[in-house]
1. Which of the residues spanning the stretch A:80-90 are crowded, with 19+ Cβ neighbours inside 10 Å and over 22 Å from residue A:45 (Cα atoms)?
2. So how many residues does the stretch B:93-140 have that are open to solvent by 30 Å² or more (accessible area, probe 1.4 Å), among the hydrophobic types (A, V, I, L, M, F, W, C) and in a loop (DSSP other than H, G, I, E, B)?
3. Any idea which residue in the stretch A:160-175 is most open to solvent (accessible area, probe 1.4 Å), counting only those that are of a type outside the set (Ser, Thr, Tyr) and touching a residue at least 40 places away in the same chain (Cβ under 8 Å)?
4. Which pairs do you get when a residue that is touching a residue at least 24 places away in the same chain (Cβ under 8 Å), found in the stretch A:58-73, comes within reach of a residue that is exposed (fewer than 13 other Cβ atoms within 10 Å of the Cβ), reach meaning Cβ atoms under 7 angstrom, with the pair 6+ apart or on two chains?
5. Within the stretch B:77-92, how many residues turn out to be more than 14 Å from chain A (Cβ to nearest Cβ) and either assigned to a loop (DSSP other than H, G, I, E, B) or among the acidic types (Asp, Glu) (or both)?
6. In the stretch A:150-170, how many residues are within 14 Å of chain B (Cβ to nearest Cβ) and out of contact with any helix residue (DSSP H, G or I) (no Cβ under 8 Å at 6 or more places or on another chain)?
There are 2 protein chains.
Amino acid sequence: MAAAAPPPPPTPAPVEALPKSTPAGHTLFSRIRLATPSDVPHIHKLVHQMAVFEHLTHQFAATESALSSTLFNSQAFHSFTIFILEVSPNPFPESTVNPLYKPKVQVLNLELPIEDPERERFKAEGDDVVVAGFVLFFPNYSTFLAKPGFYVEDLFVRECYRRKGFGKMLLSAVAKQAVEMGYGRVEWSVLDWNVNAIKFYEEMGAKILQEWRICRLTGEALEAYGPC
Amino acid sequence: MAAAAPPPPPTPAPVEALPKSTPAGHTLFSRIRLATPSDVPHIHKLVHQMAVFEHLTHQFAATESALSSTLFNSQAFHSFTIFILEVSPNPFPESTVNPLYKPKVQVLNLELPIEDPERERFKAEGDDVVVAGFVLFFPNYSTFLAKPGFYVEDLFVRECYRRKGFGKMLLSAVAKQAVEMGYGRVEWSVLDWNVNAIKFYEEMGAKILQEWRICRLTGEALEAYGPC
């Protein structure tokens, strides 16, 4: 995948295509793949941008080393799992076969190219590949179904890549994985005033559980339960 | 632990005691321990009682074999984990050492003995030991903290054992385990109209996240994401 490679046809046969824009538009290749420990610096920056977006930087205490020591300790899908979204103006090479997950590739045809002011900070493997977002999820369990499911803790797409369908691609990839594993549910949380997000999730088939509230025990209130 | 053993002193030194009732009250020993695959028949009955209690039997699809095949596949605390609450009129024997979890024993002094109409259905190991409840939890993850936590999916105490502090014991056992493992949070959900439960959880130090709503993708809406 050299930077000088000729531009590919707008919608190569073997990949699924999002709705086309103009035939003369700008082609952007996207790929969802399993994260590896070498992605931690990018994951750390993405989580920080998410904290800024949510006005929750006062809760942000993650470091790269804390992420490294708590993630990637179990086989993918059996514990905390991260999909990385990458984009490139050029086709992705045939991925080295990962027995756990075959990357999902999609091609977008955009009317205008995306200007990424942070492309240097988020450069991934290969000159033209940039990390654009991620989703972190892990198994949960329903005793009523006697089946595991997935809980999506974080779903984030960097600002300049929003409103292009990438959020749906990431969430769909988790849902697809759940179906393939025979799991019963995919769940996540949304702020009740975020009507655009709620509309988007409902269009994806989700139900909003209006009566349930999340309870959280943390900080000193949690520490009080520990050994004296 | 013979049934004819002399009654123990009301609050033996090595165990934590709940608030005492009358010195001449009825002593009940309780124990929280890790569940094993042999507990599945009791777990199945408890989950069904929980579905009845929540008026959600139409969602109840669990079978013993489905529970057996989806639980106990990973080391305790690293995936779906169940604590079983047992009670007995007699002291529990020194437990065989489980390197993963030392059972928590407490002694209650009750004004009146508890009449358990289902003691035969819930008999556990030993003639006098009865299963009274359970809690199912599993790891979750906070990227802001870069730390795992626990999510409590189910907390259930059989009707005749309620209002004795057992729910608090079970939830406290999960919180204590979280602290011992260096985890950052314990979370669970509550119905917004269940004011008694909310009061109880707040008294335990939990905050209710009023703005967040749970989204759920399940059934046909989820299956739609799978392979055609």
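1. Once the filter is applied, which keeps residues that are crowded, with 19+ Cβ neighbours inside 10 Å and over 22 Å from residue A:45 (Cα atoms), the stretch A:80-90 yields only A:90.
2. Summing the residues that are open to solvent by 30 Å² or more (accessible area, probe 1.4 Å), among the hydrophobic types (A, V, I, L, M, F, W, C) and in a loop (DSSP other than H, G, I, E, B) in the stretch B:93-140 gives 4.
3. A:164
4. Sorted first by the residue in the stretch A:58-73, then by its partner, the pairs are A:68/A:37; A:72/A:37.
5. The initial filter retains those residues of the stretch B:77-92 that are more than 14 Å from chain A (Cβ to nearest Cβ), namely B:85-92.
Add one more test, that the residue is either assigned to a loop (DSSP other than H, G, I, E, B) or among the acidic types (Asp, Glu) (or both), and what stays is B:86, B:89-92.
Of the residues in the stretch B:77-92, 5 are more than 14 Å from chain A (Cβ to nearest Cβ) and either assigned to a loop (DSSP other than H, G, I, E, B) or among the acidic types (Asp, Glu) (or both).
6. Here is the first cut: in the stretch A:150-170, the ones within 14 Å of chain B (Cβ to nearest Cβ) are A:150-156, A:167-170.
Those left that are additionally out of contact with any helix residue (DSSP H, G or I) (no Cβ under 8 Å at 6 or more places or on another chain): A:151, A:153, A:169-170.
Count: 4.
For every residue, the table says whether it meets (1) more than 7 Å from chain A (Cβ to nearest Cβ); (2) out of contact with any Pro (no Cβ under 9 Å at 6 or more places or on another chain).
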site: B:184; (1), (2): no, no
site: B:187; (1), (2): no, yes
site: B:198; (1), (2): yes, yes
site: B:201; (1), (2): no, yes
site: B:213; (1), (2): no, yes
site: B:216; (1), (2): no, yes
site: B:219; (1), (2): yes, yes
site: B:223; (1), (2): no, yes
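The values are calculated or read from the model by the stated rules, or taken from the named source; none is laboratory data. Computed from a prediction, not measured in an experiment: that's the story for all the values here. Glycine also receives a Cβ, built like all others from the backbone with ideal geometry; neighbour counts cover every protein chain displayed. Side chains included, ligands, DNA and RNA excluded: accessible areas come from the protein's heavy atoms. Shrake-Rupley method; radii C 1.70, N 1.55, O 1.52, S 1.80 Å.
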